[in-house]
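First comes the structure, then the notes that go with it.
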């Protein structure tokens with residue numbers, strides 16, 4: 001097995017506020033292999049967007065990395081100075097955000113933004129960069145790319161803009177792309193197009209993807225592996241098919257059960273009572289314990305680590321690999 | 001009992017989006033209109049749920065607002081229990097009609113007044129219509145309503161910002177039920193909620209419907225949710241209804257090419273690995289809708305007639321459908 | 001402690017206040033001035049308007065720390081033997097009264113018109129905004145002078161109370177425009193929110209929606225604006241009084257005192273005009289600083 005592209009070890013992110021420090025991400029570890037698509041799924045407040053932001057180096061103050069390391073191709077990137085991080089972004093890590101309207105500068109043509117990004121990171125001449133930009137636009141399925149090159153973002157529709165954003169992210173041939181809810185703001189039919197596009201170009205350009213979203217359907221279509229986050233922790237991680245069809249963690253079970261499915265009729269959806277805890281009220285032990293239908297004493301006291309559970313790994317004391325009470 | 005509770009006939013709403021008068025005069029721009037809803041007809045039976053689905057700009061939210069009287073129709077009629085709603089809303093009987101139909105909105109953060117206590121929010125319909133007299137009685141009734149949506153009576157003393165999105169949506173439901181309406185229009189009530197919270201809210205809505213015999217118009221863009229809650233489903237595209245069918249029929253045998261495309265586009269959590277027809281194009285600009293059938297630029301079955309003639313809604317064995325290809329038996 | 005008060009002291013605004021030395025200093029100064037002004041009757045060492053208590057022999061005395069000063073008159077006396085310190089307190093009272101009253105009138109008129117304009121829209125909105133534009137093209141002093149002049153012409157032998165009313169109106173009239181515009185903007189935002197639509201679906205009338213739903217949500221910026229406008233109103237009143245067209249001479253405000261003292265400035269009796277001037281600056285500066293702090297404290301983006 002080749003060395004992982006991205007290694008996140010025991011990452012913690014916190015927000016010092018005047019009411020105390022809020023721990024938003026608590027000891028999170030995972031790897032991404034080269035060319036792999038890892039999904040990070042969770043509900044609002046789980047910390048998935050923050051994880052992406054921490055990796056790209058775009059944490060908004062007062063948020064800060066409070067512990068752990070992030071390694072890209074073996075090199076530590078979490079403690080890099082601003083200037084180095086800026087060079088890293090774009091060249092080695094590309095980013096795609098949710099709202100294509102605010103991701104593109106409305107004052108410059110699309111072509112200009114592409115060429116500028118390319119020339120910032122790659123030693124190409126203006127002409128070469130332009131050719132590359134047009135090739136990228138064509139790759140992302142934009143018809144008549146030479147003409148579109150000179151148009152402004154407002155002249156594109158939402159789906160087209162997101163394609164341009166994908167092209168921008170791939171412009172300098174990064175090895176890793178962090179995509180934060182790339183399809184949430186789009187219509188269903190466009191969503192399908194963009195998901196297919198993302199898969200295709202990332203495979204062609206050999207880029208690994210960290211796809212952050214709350215939409216399980218998108219994960220099912222695009223990802224190889226998925227990590228399920230809850231209250232700033234990873235509760236389950238494994239191959240997509242296994243996590244979706246054979247979830248081990250009670251939260252994942254509840255989550256899958258509450259999604260209305262297209263292929264079956266159910267009278268009532270499975271519901272998890274209660275809500276995700278606020279950052280200033282995270283329970284001791286396993287963060288899910290107040291809502292867990294299978295809770296027992298140990299859960300309230302000790303926080304479980306990730307342990308093997310069939311094909312996935314889950315953080316739950318119920319697992320046999322923890323030697324839990326049956 | 002067989003007569004539908006809500007009957008909508010050729011409903012249309014046009015908005016003017018012209019540039020300001022001065023700009024029009026100086027720059028010579030023409031007046032511009034958006035036909036947000038362009039001739040829509042459907043019925044909703046008592047105690048049933050009709051879901052309206054479609055992508056952004058299809059007009060489903062406008063239809064919702066037309067039904068509860070937030071907008072006046074440009075053309076067409078809406079009949080509620082046999083009465084023409086436009087006439088009733090304009091007359092003194094409008095208040096009584098407001099009591100019988102209510103609405104739940106999409107954004108749980110904007111649908112509750114942040115400066116009002118939950119008690120006042122839920123009690124507003126009671127006070128407005130004089131349904132309950134006296135502070136204690138109001139408090140009791142509000143407590144009851146909150147309990148019926150799974151909250152505590154003590155929550156009435158709190159403010160909206162102290163609740164999560166899902167809880168706020170429940171407060172909205174409690175407010176909507178205060179006047180014991182027969183008809184509830186729900187505009188994407190769970191779209192802004194997390195999946196597990198959505199499950200809670202949808203379950204509550206189903207329970208309430210069974211207990212109180214409510215009729216729902218459920219607007220959504222999420223077909224999986226629609227499949228769970230609806231009895232009948234209507235598909236809208238650029239202001240027009242392209243297909244209305246009972247749920248099982250629509251999902252098993254979608255007729256209209258747009259319906260088929262929509263169903264195909266849904267990310268498949270079941271990962272059945274089914275083959276998909278590639279989806280083409282995007283929703284056109286509503287200011288310049290295509291001629292004839294507005295779906296023709298994206299339709300794999302479009303012919304000359306589709307480009308020039310707008311298809312009319314026809315009944316086809318219990319299903320309403322507006323498509324030349326289906327009518328001609330081509331698909 | 002009542003829950004509303006508890007919430008206030010827990011909140012970000014109070015915390016911001018406690019950590020801002022400027023805000024606390026400004027508040028202390030402002031409170032001191034207001035206290036002295038309100039309780040002038042009890043706090044002032046003399047009553048400068050009681051003609052019987054004046055001693056002409058004590059006229060034009062310098063402040064107590066100078067050679068010829070008497071400790072009885074801490075800040076000296078004017079040409080009629082009135083204690084400057086006491087005159088200051090009474091004068092500040094008049095200034096504050098006029099300032100607050102005119103702001104109150106401005107708020108009621110401005111917020112009302114702004115709500116109407118934002119909520120109803122269309123031609124009403126266009127009309128009200130054009131009136132605002134017209135009013136803004138005249139300096140407020142000129143408008144105040146105009147109204148004052150017209151008032152005096154209409155009621156040449158007016159009672160003091162009427163004179164005050166005209167003065168307050170004169171300052172309030174140009175002052176309502178910023179309120180109207182701010183409230184109009186906020187109203188237009190709130191009008192489209194779903195809780196307003198929900199109220200309409202319930203069947204609540206537009207008027208009640210405006211007053212009970214929208215108004216509480218647009219009042220935030222009004223508070224900040226009022227604080228700054230009070231300082232501005234006090235200065236306008238001072239200017240008018242300095243020009244001789246403000247408060248009646250029997251109830252001198254700080255502006256009047258400055259004017260009266262101005263005549264003696266070049267004969268070396270500086271204290272009669274300088275002290276009122278200092279107090280005026282102190283009051284308006286502290287209120288302005290408070291207003292600045294309040295505006296930043298209430299801006300959710302800066303928290």
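Read-outs: derived from the displayed coordinates by stated rules, not from any lab. All values derive from a computational prediction rather than experimental measurement. With ideal geometry, Cβ positions are generated from the backbone for all residues, glycine too; neighbour counts draw on all protein chains shown.
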Just to confirm my numbers, what's the Cα centroid distance between segment B:117-159 and segment B:24-87 in Å? 32
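Quick one: order C:227, C:77 by neighbouring beta-carbon count within 10 Å, fewest to most.
Values: C:227 20, C:77 30.
Listed from fewest to most nearby Cβ atoms, that is C:227, C:77.
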Test of understanding: what is the full-extension gain from residue C:31 to residue C:285, defined as 0.36 nm times their sequence separation minus their Cα-Cα distance? 90.2 nm
If C:116, C:61 are placed from fewest to most neighbouring beta carbons inside 10 Å, the sequence is C:116, C:61
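Can you show me the helix-derived [θ] at 222 nm for chain C, built from DSSP H runs with n ≥ 4 at -39,500 (n - 2.57) apiece and divided by the number of residues, rounded to the nearest 500. It would help to have the intermediate numbers written out before the result.
Values: 13 runs with 212 residues, N = 303.
That calculation yields -23500 deg cm²/dmol at 222 nm.
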Calculate the spin-label point distance for residue B:22 paired with residue C:250, positioning each point 7 Å from the Cα along the beta-carbon direction, and give it in nanometres. 5.1
Return the whole-Å distance between the Cα centroid of segment A:18-93 and the Cα centroid of segment A:140-176. 26
Centre separation in Å (Cα based) which lies between segment B:206-252 and segment C:76-128: 58
Using alpha-carbon pairs under 8 Å, 6+ residues apart, how would you state the relative contact order of chain A in percent? 20
Which whole-number percent is the relative contact order of chain C (Cα, under 8 Å, 6+ apart)? 23
To the nearest 10 degrees, the tilt of helix B:135-148 (Cα long axis) against the first principal axis of the alpha carbons of chain B is 50
Which angle between 0 and 90 degrees, to the nearest 10, do you get for helix B:165-177 versus the longest principal axis of chain B when only C-alpha atoms count? 80
Mean separation of Cα pairs under 8 Å and 6+ residues apart, divided by the residue count of segment C:205-283: what relative contact order is that in percent? 19
Using the Kirkwood formula on alpha carbons, the hydrodynamic radius of segment B:6-327 in angstrom works out to 21.3
Which whole number gives the average, over all residues in B:220-227, of C-beta atoms from other chains lying within 10 Å of the residue C-beta? 3
Looking only at segment B:140-255, where both bridge partners belong to it, what percent of the DSSP beta bridges are antiparallel (to the nearest 5)? 55
Hey, what angle do you get for helix A:158-170 against the long axis of chain A, alpha-carbon based, 0 to 90 degrees rounded to 10? 90
All Cα pairs of the protein assembly as shown, percent lying beyond 50 Å: 37
For B:322-330, C:128-136, ranked highest to lowest by mean beta-carbon neighbours within 10 Å, the order is B:322-330, C:128-136
Counting only other chains, and only Cβ atoms inside 10 Å, what mean value do you get across the residues of A:268-280? 4
What does the average come to when, for each residue of peptide C:201-210, you count the partner chain Cβ atoms lying within 10 Å of its Cβ? 5
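With a 10 Å Cβ neighbour count serving as the proxy for reagent exposure, in which order, fewest first, do A:27, B:84 appear?
The order, fewest Cβ neighbours first, is B:84, A:27.
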